[in-house]
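Let me begin by presenting the structure, written as structure tokens, before commenting on it.
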Amino acid sequence: MKVPVFLAVLLIPFGILCASDSKPNVLFIIVDDLTTTLGSYGDKDALTPNMDSLADRGVRFERAYTQFSLCNPSRASFLTGCYPERTKVYDLSTDFRKAMPDVVTLPELFKNDGYVVGRLGKVFHKGGTKEKLDVQEGAPLSKDSAIFEEAKLAEASEGDLSDPPRKKNKEGSGKGEGKEKEHEDSGYNRTYAASSHPDVDFTDYEIASRAIQTLEDFKKTDKPFFLAVGFIRPHTPYVAPKAFFEKIDPQKIAMPQYYQAGGEDTSKIPNPALRPNNNIFRYEAAKGNEPREARRAYLASACWADSQVGRVLDKLKELNLDKDTIVVLTGDHGYQLGEHGLWAKQTLFEEGTHVPLIVAAPGVKPGVSKSLVEQVDIYPTIAGLAGLPIPKDVQGVSLQPLLADPSAKIKPAAFSTMLSTHTKLMGHAITDGRFRFIEWDGGKGGSHLYDHETDPHELKNLAADPAQKARVVQFKAQLEKHVQDVGGE
């Protein structure tokens, strides 16, 4: 009798998935605001050799989705293994421990099992572990902020810092415009800049250096370790060493449909989905060559982050730890780079929810999985690979069956949630691998349906098409059941 894949994996002795019978180490890398702009994901403009190399030796999940396209809700979700409806985190300020005071986070699970545990840079956004970890350091964000302001000033002054540009006092003509307008000439409307500072001056360089030192220190303990490292770029402001900007020709960058001749008709997209572009263009539409320059700056910042990921991975190999270490890399959510005229996060479109996810582990052969997976599955996957018991309140499922057989499938659908930034309506999305259905306020705020087989860029909303009525009804029922199932105590 043929044993189903998911049962076969459970029957595999743990030692087969590890280089030895000892407990494996874990290196969990989170790259802030990194979407699937990686060479290994088919982005021809991306320059990410180190993350691509990791994908080459691990399993790359081609259809991985975030549960909430915003830092705090997303990180709260995958670091607890629970959906946002359970953590009750929908913004940047809520602590997941308000709803789940006793939840065992992923780092705590390993700490409780006797691991030496550390987190460096941006791992949690709000809240964290109850018990202080062996190493626990945040990100020195002030370093990049100072570099960014200096680079913008130098650009506006044509390099002459002795004669800074004068600010023009402009009053806003509409609600909420005034404060943004008064900074227009100082460059606040363009959150990107190349810097002449050396690598060592940047935040991510320091995070990587601390991670390198921590790996050296952890090796001396002769105990298994869990280390989470959170890099900052390509999060805004898109600031990186000048050399990384020079690698990318903005005129050769492929732009989304919105910027093609004639543009994209967004009139049939529900209003809650069309968030203001406050992160990049400060509530204004991108003008002239700004979209290309902004996209170039994002790619340059991602390339910069990749170089620092590479430093950490190189040290792991140098210390001869790579063969006994589970390495997981992901972004914290998807990201819009001009699709539908939108920039940054907080959307339920494909680009806003699609994330990179790479798992390289002892005994796991390289491969590509096209199965639908979710970031909420990261917790049980890492725990399962390490042989740790998975807490009963974890709502994700282990991806171990896909690591054993990337062609297998474990989920019929992936779900995402979003609170509209300007209408404050709650939105929910479901994708079954071909169709994506989104509804706001249970459909009262609008719905959209896309067929990725014929419309991969989500340009034609089929929600009102009579031929799709049955499918819309089915998706609505699935969303309702999902929200009800995962939101309980």
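Computed over the chain, relative contact order equals 25 percent, with contacts defined as Cα pairs under 8 Å that lie 6+ residues apart. With the simple model of a label 7 Å out from the Cα in the direction of the Cβ, Asn112 to Asp393 spans 1.0 nm. With the convex hull drawn around the C-alpha atoms of segment 235-359, the volume per residue stands at 124 Å³. Put a plus charge on the Cβ of each Lys and Arg, a minus charge on the Cβ of each Asp and Glu, and nothing anywhere else: the dipole of segment 58-112 about its Cα centre is then about 80 debye.
Across segment 69-160, C-alpha contacts under 8 Å between residues 6 or more apart give a mean separation that, scaled by the residue count, equals a relative contact order of 23 percent.
For segment 196-297, the fraction of C-alpha pairs more than 18 angstrom apart is 66%. Segment 418-443 and segment 141-155 have their alpha-carbon centroids 37 Å apart.
The distance separating the Cα centre of segment 460-489 from that of segment 222-268 comes to 32 Å.
Segment 340-410 and segment 89-135 have Cα centres separated by 20 Å.
For segment 390-482, the convex hull spanned by the alpha carbon atoms encloses 141 Å³ per residue. Computed about its Cα centre, the charge dipole of the chain is approximately 900 debye, with only Lys, Arg, Asp and Glu carrying charge at their Cβ. Translational diffusion of segment 329-390, estimated by Stokes-Einstein from the Kirkwood radius over alpha carbon pairs at 10 °C in a medium of 1.306 mPa s, is 117 µm² per second.
Taking every DSSP beta bridge that has both ends in the chain, the antiparallel portion is near 45%.
Counting Cα-Cα pairs of the chain in 20 Å increments starting at 0 gives whole-percent bin shares of 23, 57, 19, 1.
Comparing Pro84, Cys71, Gly58 along the charge dipole axis of segment 29-89, the residue lying farthest to the positive side is Pro84, per the Cβ-charge model. In this structure the amide hydrogen of Thr325, modeled in the peptide plane, comes within under 5 Å of the amide hydrogens of Asn25, none closer than 5 places in sequence on its chain. Scanning residues 5 or more positions from Leu399 or on other chains, those with amide H under 5 Å from its amide H are Thr381, with H placed 1.01 Å from N in the peptide plane. Only helices enter the 222 nm calculation for the chain: every DSSP H run of n ≥ 4 contributes -39,500 (n - 2.57), and dividing by all residues gives -9000 deg cm²/dmol, rounded to 500. Evaluating 6.51 cos²θ - 1.76 cosθ + 1.60 at θ = phi - 60° for every residue in segment 365-374, the Karplus couplings come out as 7, x, x, 10, 9, 9, 5, 5, 9, 10 Hz, glycine and proline recorded as x. Computed from point charges on the beta carbon alone (+1 for Lys and Arg, -1 for Asp and Glu), the dipole magnitude for segment 312-419 about its Cα centre is near 260 Debye.
Lysine pairs in segment 93-155 whose alpha-carbon atoms fall under 26 angstrom of each other, counting only those eight or more residues apart or on distinct chains, come to 16.
Rule-based calculations on the coordinates, nothing more; no lab input. Remember, it's a predicted structure, so these values are computed and weren't measured experimentally. When we count neighbours, we look across all protein chains shown, and the Cβ atoms used for this are built from the backbone with ideal geometry, even at glycine.
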